[in-house]
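> My structure is below; once you've seen it, I'll send some questions.
The values are calculated or read from the model by the stated rules, or taken from the named source; none is laboratory data. Small disclaimer: the values here were computed from a predicted structure and weren't measured. Methodologically, a virtual Cβ is constructed for each residue, glycine included, from the backbone with ideal geometry; neighbour enumeration extends over all protein chains shown. Each accessible area value is taken on the protein alone, full model and side chains, heavy atoms only, with ligands, DNA and RNA left out. Shrake-Rupley method; radii C 1.70, N 1.55, O 1.52, S 1.80 Å.
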Amino acid sequence: MQGGRLQAAGAHILAIAASLIMFVPVYLIGVNALKSRAQASSMGLEFPTELNWENFLVAIEKGKLASGFINSVLYSSLSTIIGTFIAAMAAFVLSRRRTRMNRFLYLFLIMGIALPINFFTLTTIMQVTHLINTRTGMVVLYSAMQVPFAVFLIYGFVESIPRELDEAAIIDGCGPFQLFFRIILPLLTPVLVTVGILNFLGTWNDFLFPLYYLSSSANWPMTLSVYNFFGQYQQSWNLVSADILLTVVPVIVVYLAGQRFILSGLTSGSVKG
Amino acid sequence: MSSSRYPVYFVLPAIALYIIFFIIPSISGIAYSFTDWSSYSDEINYVGWQNFQKIFSPSERYLTYIWNTLVFTGLTIVLKTVFGLGLALLLNEGVRRFVNLYRVLIYLPAILPTLVVALIFRSILNPATGLLNNVLRFVGLDALALRWLVDPHIAMLSVVAVDTWKGIGYIMVILLAGLQTIPRDYYEAAQIDGANAWSRFRYITLPLLMPAIMVVTVLNVLYGLRVFDIVYALTNGGPGYATEVISTEIFKAFSKGQYGLGTAVSSILFVILLVAGYFVIRLLERDRNKEEAS
């Protein structure tokens, strides 16, 4: 099996090459974040000759990363909790009670996966509801935007929970709230984790809503802070790298911790086994 | 009976948020498309089809922006699907070990903020000091060291390439899951019948993978038509108008206070995606119904 082994080696070389190409930009950010300004000017692959840890301090201070981090955590976690939760309630009822009306509501909701947002008229809504340029406004907007995809994923999962459980719970005297919170919600945990991670990362990475609706920098999430920092320090790639690195570290941590759920969520929504 | 068990008010919070922040803006946006709504005046007047006439007039640039969006969408669909499929096949059949490690690394760009990816590539693609041109010069390919994001003739291709780099992992993961559902016996039977690698791919893999390829394609269509972040942060539509797409133009109209015109552009995008969305939902739901039946 000489040929087979050679083929396997070739396949590994290709896979390693592909992985390296995908990893290079993250690596670049990692090494350049520690360089001096002069050494980082070409964003090269070489290791830093001296370790400039103070780059991070400058980035945190000048880039307003502390408040950016708090805002990002606030927006991502609160909207993920609210969005996933209300989507689960809706998906549960829509999936269990298949009336014509509910079928329509379900399709109407998941249509949002495809639709674009009209930022002009949404501005008016944000002004009327006094949500524009506020942290609450961001949380509410992100919660709303997560609903269509979350309903779609959870709806499919509810079908896999036997209805006999509902019957048994009702006979035992559960009301609809108890049924949902004590019986159904715990069984939905796998899909809720998947939806939650995807929504969290999606919100953390977004900068469209802040770009349109947050004028005061005190409310900016990390993405918008980074973009603004880049505008000011374009010539100092060491500082920009440090700033970027601090922004993506939380994303990479969540990704590595939850990659099993992320990958399963992507496929359960789209490919059937 | 079941109404008390599965009360309608469970659906209300989701529907209410969705209608207030999604549907009402979209529908009222269509109405405002026929006005001269702007930030300069408190008055809003009905102007008929004027905004649309402007958008579809050959003397304006809007048709170019729509064309650019379609070019971006078409190219990214083809590139992401071809490369994504190649990598999925590699991980499914080529390598036996470290599959998960490769998968995690190849998917990594997909979870990074688009904005950050764009900033990093602005450095990598810098004509004078960027990593890409330095490497090309180092290996003697000076002729290939182009002015990636600065030359209007290739700027769009550069944007497409960066977006492809970022999106391949996502497409690969979906196609890989699709490949894993194809029973191994099919290949073994074909091999016994003397089918070579190409015909096994052509007559087994490709037809059975078609549903996954369809899903990937619609996802790429929806993404491509709405693309904003990567273009905004890489080139902001430049140089000139070479990479201007619908969503970056919408943001510019917003910044300039041309609300009536901008909402008309938005509404055109809305109608296009409404049609696309109809097919997407039919596709997703057809798969789901098939699964229920089996």
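> Do you know which residues across the range A:87-116 are within 7 Å of chain B (Cβ to nearest Cβ) and part of a loop (DSSP other than H, G, I, E, B)?
A:R97, A:A114, A:L115, A:P116
> Let me ask something else about it. Is it the case that some residue within the range B:161-182 is farther than 29 Å from A:M43 by Cα, in a loop (DSSP other than H, G, I, E, B) and open to solvent by 20 Å² or more (accessible area, probe 1.4 Å)?
yes
> What is the one condition in (1) more than 8 Å from chain B (Cβ to nearest Cβ); (2) open to solvent by 50 Å² or more (accessible area, probe 1.4 Å) that A:Y142 does not satisfy?
(2)
> Can you run down the residue pairs with Cβ atoms below 8 Å, 6 or more apart or on separate chains, where the first is in the range A:241-260 and closer than 21 Å to A:G231 by Cα and more than 8 Å from chain B (Cβ to nearest Cβ) and the partner is open to solvent by 30 Å² or more (accessible area, probe 1.4 Å) and β-branched (V, I, T)?
These pairs meet every condition: A:A242/A:V58; A:L246/A:I60.
> Shifting gears a bit: Are any of the residues in the range B:108-131 at pLDDT below 85, out of contact with any strand residue (DSSP E or B) (no Cβ under 6 Å at 6 or more places or on another chain) and more than 10 Å from chain A (Cβ to nearest Cβ)?
yes
> Looking at (1) out of contact with any strand residue (DSSP E or B) (no Cβ under 7 Å at 6 or more places or on another chain); (2) closer than 27 Å to B:P25 by Cβ, find the lone condition where B:G260 falls short.
(1)
> Now a separate question. Within the range A:150-165, how many residues are more than 23 Å from A:N199 (Cα to Cα) and among the small types (G, A, S)?
0
> Residues to consider are B:N289, B:N220; find the one that is closer than 30 Å to B:P183 by Cβ, more than 10 Å from chain A (Cβ to nearest Cβ) and at pLDDT below 85.
B:N289
> Can you find a residue that is touching a helix residue (DSSP H, G or I) at 6+ places or on another chain (Cβ under 6 Å), over 30 Å from A:D166 (Cβ atoms) and of a type in the set (D, E) anywhere in the range B:42-57?
no
> Let me ask something else about it. Could you tell me whether any residue of the range A:173-190 is more than 10 Å from every other protein chain (Cβ to nearest Cβ), over 22 Å from B:P113 (Cβ atoms) and open to solvent by less than 20 Å² (accessible area, probe 1.4 Å)?
yes
> Restricting to the range A:1-57, name every residue that is surrounded by 17 or more Cβ atoms within 10 Å (Cβ to Cβ), among the aliphatic types (A, V, I, L, M) and more than 10 Å from every other protein chain (Cβ to nearest Cβ).
A:V31, A:A33, A:L34
> Here is a further query. Looking at the range B:142-158, which of the residues that are in contact (Cβ under 8 Å) with a residue 40 or more places away in the chain and outside any loop (DSSP other than H, G, I, E, B) is most open to solvent (accessible area, probe 1.4 Å)?
Among those that are in contact (Cβ under 8 Å) with a residue 40 or more places away in the chain and outside any loop (DSSP other than H, G, I, E, B), it is B:L157.
> When both residues are 6+ apart or on different chains and their Cβ atoms are under 6 Å apart, which pairs have a first residue that lies in the range A:201-228 and is more than 8 Å from every other protein chain (Cβ to nearest Cβ), and a second that is open to solvent by 10 Å² or more (accessible area, probe 1.4 Å) and β-branched (V, I, T)?
Pairs found: A:Y213/A:I132.
> Moving to a separate point now. Give all pairs with beta carbons closer than 9 Å in which a residue from the range A:37-56 that is farther than 21 Å from A:T247 by Cα meets a residue that is open to solvent by 100 Å² or more (accessible area, probe 1.4 Å); count only pairs at least 6 apart in sequence or on separate chains.
Pairs found: A:Q39/A:T49; A:Q39/A:E50.
> Looking only at the range A:154-165, count how many residues are within 11 Å of chain B (Cβ to nearest Cβ) and open to solvent by 10 Å² or more (accessible area, probe 1.4 Å).
Number satisfying all stated conditions: 4.
> Looking only at residues that are out of contact with any Phe, Trp or Tyr (no Cβ under 9 Å at 6 or more places or on another chain) and in contact (Cβ under 8 Å) with a residue 40 or more places away in the chain in the range A:61-75, which one is surrounded by the most Cβ atoms within 10 Å (Cβ to Cβ)?
A:F69
> Please go through the range B:252-266 and give me each residue that is in contact with a helix residue (DSSP H, G or I) (Cβ under 7 Å, 6 or more places away or on another chain) and more than 7 Å from chain A (Cβ to nearest Cβ), ordered by number.
B:A253, B:G260, B:L261, B:A264, B:V265
> Hand me the list of helices (runs of 4 or more DSSP H) wholly inside the range A:171-273 holding 3 or more residues that are of a type in the set (S, T, N, Q).
Ranges flagged: A:189-205, A:222-232, A:237-268.
> Which members of the range A:230-241 meet the condition of being surrounded by 24 or more Cβ atoms within 10 Å (Cβ to Cβ) and either in contact with a Lys or Arg (Cβ under 7 Å, 6 or more places away or on another chain) or farther than 12 Å from B:V116 by Cα (or both)?
Across the range A:230-241, the qualifying residues are A:W237, A:N238, A:L239.
> Out of curiosity, is B:P13 within 11 Å of another protein chain (Cβ to nearest Cβ), within 19 Å of B:A253 (Cα to Cα) and not in a loop (DSSP other than H, G, I, E, B)?
No, not satisfied.
> Next question, about the same structure. Please determine, by comparing only the residues of the range B:31-54 that are open to solvent by less than 60 Å² (accessible area, probe 1.4 Å) and assigned to a helix (DSSP H, G or I), which one is nearest to the other protein chains (Cβ to nearest Cβ).
Out of the qualifying residues, it is B:N51.
> May I pose another question? Would a scan of the range B:60-74 turn up a residue that is under 30 Å from A:I21 (Cα atoms), within 13 Å of another protein chain (Cβ to nearest Cβ) and surrounded by 20 or more Cβ atoms within 10 Å (Cβ to Cβ)?
yes
> If A:I262 meets every condition in (1) modelled with pLDDT of 85 or more; (2) open to solvent by less than 10 Å² (accessible area, probe 1.4 Å) apart from one, which number is that one?
(1)
> Now for a separate question. If A:L179 satisfies every condition in (1) modelled with pLDDT under 90; (2) out of contact with any helix residue (DSSP H, G or I) (no Cβ under 7 Å at 6 or more places or on another chain) but one, which is the exception?
Result: A:L179 passes all but (2).
> Inspect all residues belonging to the range B:268-283 and state whether any of them is among the basic types (K, R) and touching a helix residue (DSSP H, G or I) at 6+ places or on another chain (Cβ under 9 Å).
no
> Only one of (1) facing another protein chain (nearest Cβ under 7 Å); (2) open to solvent by 30 Å² or more (accessible area, probe 1.4 Å); (3) not aliphatic (A, V, I, L, M) is not met by B:R137, so which one is it?
If we test B:R137 against (1) facing another protein chain (nearest Cβ under 7 Å); (2) open to solvent by 30 Å² or more (accessible area, probe 1.4 Å); (3) not aliphatic (A, V, I, L, M), just (1) comes out false.
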